[in-house]
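Undergrad: The following block contains the structure, expressed as structure tokens.
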Ligand code: FES
């Protein structure tokens, strides 16, 4: 298995509290996707599967509440802390999103968002 990270996007593609970048992935043998966001200046990544019923959180890549301080599932409204994935309200309280290892680095003179999938049960398709 490769230890190289996946380049997700340019750092400037992720705006604080803005739209998520999504990539197709396989989680435990099933097709799904992962999403990547910026919150308070840092990047975060999660499996795009709500702990309530497994629905994708986003609506057309929108995952933040209007205030930009929480992530919200578009299906039934569960809310999550953007920096930990911990559920703060709704039908799956006390559960959490599955977080991914991400970083930002300079590659070929540009700052990019990287996903480091090794050791995680999710692989990019
Ligand atoms: S599937 Fe997300 S709150 Fe129900």
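Undergrad: Given the criterion at pLDDT below 95 and either on the phi > 0 side of the Ramachandran plot or surrounded by fewer than 14 Cβ atoms within 10 Å (Cβ to Cβ) (or both), identify the matching residue among 17, 29.
TA: Sole residue among the options that is at pLDDT below 95 and either on the phi > 0 side of the Ramachandran plot or surrounded by fewer than 14 Cβ atoms within 10 Å (Cβ to Cβ) (or both): 29.
Undergrad: Another one. Identify all residues within the range 78-90 that are assigned to a loop (DSSP other than H, G, I, E, B) and either without any contact (Cβ under 8 Å) to a residue 12 or more places away in the chain or near the ligand (Cβ under 6 Å from one of its atoms) (or both); write none if there are none.
TA: 78, 81, 90
Undergrad: Next up: Here is a list: 75, 38, 66, 93. Which entry is out of contact with any helix residue (DSSP H, G or I) (no Cβ under 7 Å at 6 or more places or on another chain) and either at positive phi or assigned to a strand (DSSP E or B) (or both)?
TA: Among 75, 38, 66, 93, only 38 is out of contact with any helix residue (DSSP H, G or I) (no Cβ under 7 Å at 6 or more places or on another chain) and either at positive phi or assigned to a strand (DSSP E or B) (or both).
Undergrad: Mind listing whichever residues of the range 42-63 are more than 9 Å from the ligand (Cβ to nearest atom) and on the phi > 0 side of the Ramachandran plot?
TA: Listed by number, the residues that qualify are 60, 61.
The values are calculated or read from the model by the stated rules, or taken from the named source; none is laboratory data. As the structure is a computational prediction, the values presented were derived from the model and not from experiment. Every residue, glycine among them, receives a Cβ derived from its backbone with ideal geometry; neighbour counts consider all protein chains shown.
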